Amino acid sequence: MIFWEIAKRNIRIHMLRSTLAMLGIVIGVVAIASMGILGNSMVATVSESLKSVGDSVIVTPYSGGGGGMGPGGGGGGSSSASLKITDQNFQQIKRVAAPNVAIPVYSTSDHMKIGVGSDDIVATMYALPTDNVPDIMKLQAGDYNNGNSGCLVGSTFAKDHDLKVGSRISIGTNGSKGTLRVTGIIEERGMSFDISTDNALVVTPEWFENTYDRNKDYDEVVVKVKEGDTATVKTNIEKQLNKHKDNKVVSVTDSKATLASIYSTFGTVTTFVTAIGGISMIVAGVSIFNIMMMSVNERIKEIGIMRSIGTQKREVMSMFIYEAAIIGVIGSIIGGIFSVLAGYVVSALMLGTTKYLFTMANALSVGEGICFGIVICLACGIYPARQAANLNPIDALRHE
Amino acid sequence: MEPVIQFEDVVKIYPLKAGDVTALNHISFEVERGEFISIMGPSGSGKSTLLNLMGCLDSPTSGGIFISGIGIRAMNDMELTNLRRDRIGFIFQYFNLFPLLNVIENVNFPQILKSGKDVNPDKAKEVLHAVQLEEQFYSHTPTELSGGQQQRVAVARALINDPDILLCDEPTGNLDSKTGASIMDLMTELNRKGATIICVTHDPTVAKYSDRTIRIVDGGIAS
């Protein structure tokens, strides 16, 4: 169509001006889409780290505060030394949670030494029944059956201290609490709500009870929910153990609800940073509006001629809309391509990984950025186009 | 035969802040099909207003204007635009070609507007041949043509939709005398072939080509 051709040629003869306007749109799309990619990649990274804990309910002694993460999540049990889950409470939890598995967990931190002459370090230790270990973690080396003086070590801990299956660790100051032999290395689990094993040791309950003089007074109970949903299990445990509002016994954390809350927070942060990127798009829109108004002002006489020889208002309008659309579509597509590159760089720099770059969520972010760029261009082209279409043909013809 | 243009007691008043200005005051005349008419008058006499009304670019304050028997007073903008496209051909003093389009595209423009799609250039070539523009210039843009050549393209553009009327506003005003004469010869030729031509001009030389001259003075017809 002739108006499409005129729009194209007008862009071509004003190449520098059109290119600058396109550049604005490119920057706007890159800002929006790359922020979206960063947000999505952050969510994907955290999801990857937390995926193993999405089906857990964590029960900790009620401390009078807001509940939440127990000693496992905090990485140490010393702060809540006086608050424990009794065996009677554990049995109640076990009954309520059935047929799901309820795992009693001891936890503490202690001094230890690896090898002769090594530095004294402090690390977290968990103790849970050997039969239940596979319910929570997988091993990358060795065996679950760690015996009474055997232990499992987290992958990061093993790597940092050069531990292998068979290595020995002296527990307590100057080895006062005996020596443990590494029987297995735990696969990396990332962040978790139940127990964080990457930098910790896992020992048997028997060894723990003997060493730390504990007797079925647990620091937390982890329920692995395989049947039913975590929210129902959580409610049932609360109903059973916290019968009296003024005398609560346990705090119960539903890992799925906590995850949902984390994702929601990430979603809000992503929206916020994308909105900041949107400001640059608005600036680009103002630039498009400006060049379209210039284009209309430069072509008033031409518009007058068109109208006088029988061009309808909508046809004049379409010519300017086409111009805005060409700038918008080309600028937005180039912006979309660059935003993938920018997303790659930002993800690599800020998250240290680019493995979440080519996901559906990121494709949607790029698509949204491109669509937003095109919509902004069209929106900013409408007013100048209407101005052009509504010019009085006689006045336009007289214009010099 | 029905007049191609009919003005019946037409009044045109421009309401201005300083007071209303009466540009045309109870004007009545008719133009028959095939006539060649010139409209003359001093500056500010109302010639341009008359041209705008004949070209359906404006509406009268009162009175009736009929183009090929169609009253334009009650027409909306879209209908007036279609009337201009289908029945009126404009030729301007400054040629007013589209700088982004080549000769063929300029001439085809009104035809594309009428058909709503791209059209075969055959008719444009035919009309350009009729206005005696050599084929070597068909792919040129207006800035690559002389004034006389540009005006020939403008005439071809005005003729492409076979209009009832050719409205010319000082068609030789921007040309040297020799080129102006050749353009007026072309107009005469077109008129001889049946075109109705109305020429607004200051130039008595141009008026000599016409069958009849309407003289406007102070918004009224003097003779």
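Applying the condition of being among the hydrophobic types (A, V, I, L, M, F, W, C) and away from chain A (no Cβ under 14 Å) to the stretch B:116-137 and asking which residue is surrounded by the fewest Cβ atoms within 10 Å (Cβ to Cβ) yields B:130. Within the stretch A:240-256, the presence of a residue that is of a type in the set (Gly, Ala, Ser), surrounded by fewer than 22 Cβ atoms within 10 Å (Cβ to Cβ) and in a helix (DSSP H, G or I) is excluded. Scanning the stretch B:98-110 for residues that are outside any helix (DSSP H, G or I) and more than 8 Å from chain A (Cβ to nearest Cβ) gives a single hit, B:102.
Screening residue A:317 on (1) over 30 Å from residue A:396 (Cβ atoms); (2) assigned to a helix (DSSP H, G or I) shows it passes everything except condition (1). Looking at B:85, B:157, just one residue is at the interface with chain A (Cβ under 8 Å from one of its Cβ atoms) and open to solvent by 20 Å² or more (accessible area, probe 1.4 Å), and that residue is B:85.
Inspection of the stretch B:53-76 finds no residue satisfying the criterion of being among the aliphatic types (A, V, I, L, M), closer than 23 Å to residue B:12 by Cα, at the interface with another protein chain (Cβ under 8 Å from one of its Cβ atoms) and outside any loop (DSSP other than H, G, I, E, B). Only one of (1) outside any helix (DSSP H, G or I); (2) among the hydroxyl-bearing types (Ser, Thr, Tyr); (3) crowded, with 22+ Cβ neighbours inside 10 Å fails for residue B:28. Which number is that? Among (1) outside any helix (DSSP H, G or I); (2) among the hydroxyl-bearing types (Ser, Thr, Tyr); (3) crowded, with 22+ Cβ neighbours inside 10 Å, the lone unmet condition for residue B:28 is (3). Regarding residue A:281, is this residue at pLDDT below 90, buried (at least 20 other Cβ atoms within 10 Å of the Cβ) and under 16 Å from residue A:381 (Cα atoms)? Judged against the criteria, residue A:281 is a match.
Here's the yes/no breakdown for (1) in contact (Cβ under 8 Å) with a residue 12 or more places away in the chain; (2) in contact with a His (Cβ under 9 Å, 6 or more places away or on another chain):
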{"site": "B:32", "(1), (2)": "yes, no"}
{"site": "B:40", "(1), (2)": "yes, yes"}
{"site": "B:51", "(1), (2)": "yes, no"}
{"site": "B:60", "(1), (2)": "yes, no"}
{"site": "B:78", "(1), (2)": "no, no"}
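On the given criteria, is residue A:396 within 14 Å of chain B (Cβ to nearest Cβ), farther than 18 Å from residue A:330 by Cα and open to solvent by less than 70 Å² (accessible area, probe 1.4 Å)? The answer is yes for residue A:396. Being in contact with a Phe, Trp or Tyr (Cβ under 6 Å, 6 or more places away or on another chain) and buried (at least 16 other Cβ atoms within 10 Å of the Cβ) is a condition met by no residue of the stretch A:112-121.
Is it the case that residue A:287 is within 13 Å of chain B (Cβ to nearest Cβ), under 48 Å from the mean Cα position of the chain (by Cα) and touching a residue at least 12 places away in the same chain (Cβ under 8 Å)? So residue A:287 fails the test. Kindly establish whether residue A:131 is at positive phi, under 36 Å from the mean Cα position of the chain (by Cα) and among the acidic types (Asp, Glu). No. The residue that is farthest from residue A:339 (Cα to Cα), counting only those in the stretch A:21-46 that are out of contact with any helix residue (DSSP H, G or I) (no Cβ under 7 Å at 6 or more places or on another chain) and open to solvent by 30 Å² or more (accessible area, probe 1.4 Å), is A:45.
Against the definition (buried (at least 22 other Cβ atoms within 10 Å of the Cβ), at the interface with chain A (Cβ under 8 Å from one of its Cβ atoms) and touching an Asp or Glu at 6+ places or on another chain (Cβ under 9 Å)), how does residue B:113 come out, yes or no? Before the answer, list the steps.
Values: buried (at least 22 other Cβ atoms within 10 Å of the Cβ): yes; at the interface with chain A (Cβ under 8 Å from one of its Cβ atoms): yes; touching an Asp or Glu at 6+ places or on another chain (Cβ under 9 Å): yes.
Here the answer is yes, as residue B:113 does meet what is asked.
The residues of the stretch A:295-305 that are assigned to a helix (DSSP H, G or I) and more than 8 Å from chain B (Cβ to nearest Cβ), listed by number, are A:295, A:296, A:297, A:298, A:300, A:303, A:304.
For residue A:339, indicate whether it is farther than 27 Å from residue A:391 by Cβ and of a type in the set (S, T, N, Q). In short, yes.
Which of the residues that make up the stretch B:35-48 are touching a helix residue (DSSP H, G or I) at 6+ places or on another chain (Cβ under 9 Å) and open to solvent by less than 30 Å² (accessible area, probe 1.4 Å)?
B:36, B:38, B:39, B:40, B:41
Report, by residue number, each residue of the stretch A:306-357 that is within 14 Å of another protein chain (Cβ to nearest Cβ) and either within 20 Å of residue B:107 (Cα to Cα) or crowded, with 23+ Cβ neighbours inside 10 Å (or both). Answer for the stretch A:306-357, where residues must be within 14 Å of another protein chain (Cβ to nearest Cβ) and either within 20 Å of residue B:107 (Cα to Cα) or crowded, with 23+ Cβ neighbours inside 10 Å (or both): A:306, A:307, A:308, A:309, A:310, A:311, A:312, A:315, A:316, A:319, A:320, A:323. When the stretch B:88-97 is filtered for residues that are within 8 Å of chain A (Cβ to nearest Cβ) and on the phi > 0 side of the Ramachandran plot, only B:96 remains.
Could you tell me whether any residue of the stretch B:189-206 is surrounded by fewer than 21 Cβ atoms within 10 Å (Cβ to Cβ), over 23 Å from residue B:88 (Cβ atoms) and basic (Lys, Arg)? Looking through the stretch B:189-206, none of the residues is surrounded by fewer than 21 Cβ atoms within 10 Å (Cβ to Cβ), over 23 Å from residue B:88 (Cβ atoms) and basic (Lys, Arg).
When the stretch B:132-178 is filtered for residues that are within 17 Å of residue B:208 (Cβ to Cβ) and in a helix (DSSP H, G or I), the ones remaining, listed by number, are B:177, B:178.
The values are calculated or read from the model by the stated rules, or taken from the named source; none is laboratory data. As the structure is a computational prediction, the values presented were derived from the model and not from experiment. No Cβ is skipped: glycine too gets one built from the backbone with ideal geometry, and neighbour counts run over all protein chains shown. With ligands, DNA and RNA removed, areas are computed over all heavy atoms of the protein, side chains included. Shrake-Rupley method; radii C 1.70, N 1.55, O 1.52, S 1.80 Å.
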